[in-house]
Amino acid sequence: MKFVECKGLHGEVTVPGDKSISHRSVMFGSIAKGTTEIHNYLQGADCLSTISCFRKMGIEIENRGDVVLVHGRGLRGLTRPAEVLDCGNSGTTTRLISGILAAQDFDVTLTGDASIQKRPMKRIMEPLSRMGASIESVNGNGCAPLRISGRKLHGISYTSKVASAQVKSAILLAGLYADSETRVTEPYLSRNHSEILLNYFGADVRTEIEDATGTCGSANIAELPGQPQPAGRATAVIRPATELHGNLVEVPGDISSAAFFLCAGLMAPNSEILIRNVGINPTRAGILNVIRDMGGNITLLNERAGSGEPTADILVRSSSLHGTVIEGAVIPTLIDELPMIAAMACFADGTTVIRDAAELKVKESDRITVMVENLTAMGADVTATEDGMIIRGGRPLHGAVIDSHLDHRIAMTFAVTGLCADGETEILGAECVNISYPQFYEDLKHLIK
Ligand code: S3P
């Protein structure tokens with residue numbers, strides 16, 4: 001796929017449903033009693049992997065495109081799959097499903113594509129084993145394939161080194177089945193979609209937030225949207241459940257997909273884009289704060305509370321940007337947007353420093369190495385660090401051949417960057433956008449003047 005410099009981007013776009021919330025709606029719907037009706041489910045390959053895994057465990061799921069119906073069979077309603085569960089490219093499927101499988105009364109093997117088979121799974125194997133599960137890496141390298149034998153589980157109090165919603169959610173899901181309360185503490189609050197949706201389905205989950213001085217306060221999860229991201233440790237607490245209840249889920253548009261249009265609108269000259277129905281849960285919306293810090297012109301319109309997940313339309317206009325420092329508590333709220341933000345920083349005056357983001361190395365690709373390699377090929381002044389990047393903005397970029405490493409967010413980042421660089425940019429493996437945003441190129445091209 002090839003891109004050349006554009007004169008401007010104009011118009012409206014509605015991004016597809018949120019990937020994290022789509023996964024969770026099918027997973028929780030499958031282990032709830034009754035039917036869950038999901039609107040705006042993301043029809044990307046990752047979320048289709050989740051549907052396929054639960055179908056293999058006896059759950060009837062009707063995928064009508066605009067609406068997905070999950071005929072849940074209750075906490076104990078899954079059946080032993082006849083074959084290996086294939087999670088494809090999806091870390092969320094692999095890690096969250098492991099928390100559910102840890103408590104079933106059958107054995108199962110989970111696997112995925114070449115990228116999934118390199119991603120760290122010890123981070124869930126260790127806490128789930130402490131709860132009593134039997135979970136082993138088939139090749140002994142701490143990665144998938146994973147062999148899981150369900151067991152009776154005990155509640156634990158676990159402190160995670162990383163702020164990871166996938167780790168937290170795997171433990172909380174196992175905690176639904178445990179014999180006592182389960183607590184997961186993380187250095188900063190990671191995305192809280194599991195907590196919101198589990199409560200909505202009738203589970204008892206609460207969040208305790210420490211402020212920067214270590215003082216602890218209890219937060220009702222429903223009150224968190226709209227408040228600034230807390231700077232201290234966060235603990236999610238779940239009580240064992242007797243049953244969850246199916247419900248209607250409206251999936252908001254994915255801010256991680258919207259990020260490409262937000263940055264495109266800021267970076268490209270003479271541009272104005274309206275992005276409709278974007279989820280702005282504060283545990284996900286750190287990119288909006290960074291854009292404001294960099295001097296970007298964005299306006300939130302039509303803000304709506306939603307059912308625990310706030311949304312807004314976002315108007316973005318071309319802006320002169322300046323560098324910033326991105327670190328600490330904000331990192332988990334924009335972790336998937338950092339490739340696009342790093343590219344945007346090349347178009348800002350001055351230096352942008354990204355730190356505390358070592359997690360980038362264990363995403364679908366090593367996103368620090370891959371970003372530095374590709375931005376350098378386009379003429380940017382960027383240096384990799386142990387836990388992030390230093391980007392010295394202001395140098396004009398030129399087109400180049402970009403290796404996406406089959407990482408969907410890298411491909412989308414460089415499609416946008418290619419529109420703002422001199423000459424032609426070719427993206428190898430461009431079709432990998434089907435993981436999270438199958439219509440991405442059509443939507444982007446529609447905005448080009
Ligand atoms: C996700 C959590 C994040 C994110 C991923 C989706 C989720 O991963 O990068 O794309 O749905 O919980 P980590 O939990 O590993 O940070």
- request: Test ILE341 against the criterion of being over 15 Å from ALA415 (Cβ atoms), outside the structural domain of GLY232 (by TED's automatic domain parsing) and either in contact (Cβ under 8 Å) with a residue 40 or more places away in the chain or polar (S, T, N, Q) (or both), and give yes or no.
  value: yes
field: Options ALA415, ALA400, ALA377, ALA411: the member that is open to solvent by less than 10 Å² (accessible area, probe 1.4 Å) and either more than 19 Å from the chain's Cα centre (by Cα) or of a type in the set (D, E, K, R) (or both)
entry: ALA415
message: Name the single residue that is farthest from the ligand (Cβ to nearest atom) among those in region 179-212 being among the small types (Gly, Ala, Ser) and surrounded by fewer than 23 Cβ atoms within 10 Å (Cβ to Cβ).
response: SER180
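Condition check ((1) out of contact with any strand residue (DSSP E or B) (no Cβ under 9 Å at 6 or more places or on another chain); (2) crowded, with 24+ Cβ neighbours inside 10 Å; (3) outside the structural domain of ASP336 (by TED's automatic domain parsing)) across all residues:
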site	(1), (2), (3)
ILE31	no, yes, yes
GLY34	no, no, yes
CYS47	no, yes, yes
GLY58	no, no, yes
ILE61	no, no, yes
ARG64	yes, no, yes
GLY72	no, yes, yes
PRO81	no, no, yes
SER90	yes, yes, yes
All positions within region 161-178 that are in contact (Cβ under 8 Å) with a residue 40 or more places away in the chain, out of contact with any strand residue (DSSP E or B) (no Cβ under 6 Å at 6 or more places or on another chain) and more than 10 Å from the ligand (Cβ to nearest atom): LEU173, ALA174, LEU176, TYR177, ALA178
message: Within region 60-68, does at least one residue satisfy the condition of being at pLDDT 95 or above and acidic (Asp, Glu)?
response: yes
- request: Give the residue that is farthest from the ligand (Cβ to nearest atom), with candidates limited to residues of region 85-103 that are touching a Ser or Thr at 6+ places or on another chain (Cβ under 9 Å) and assigned to a loop (DSSP other than H, G, I, E, B).
  value: ALA102
message: If I filter region 234-272 down to residues being assigned to a loop (DSSP other than H, G, I, E, B) and within 16 Å of the ligand (Cβ to nearest atom), which single residue comes out as farthest from LEU334 (Cα to Cα)?
response: VAL251
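The values are calculated or read from the model by the stated rules, or taken from the named source; none is laboratory data. For clarity, every value in this text was computed on a predicted model and none was experimentally measured. A quick note on method: Cβ atoms are made from the backbone with ideal geometry, for glycine too, and the neighbour counts reach across all protein chains shown. Remember, those area values only see protein heavy atoms, side chains included, never the ligands or the DNA or RNA. Shrake-Rupley method; radii C 1.70, N 1.55, O 1.52, S 1.80 Å.
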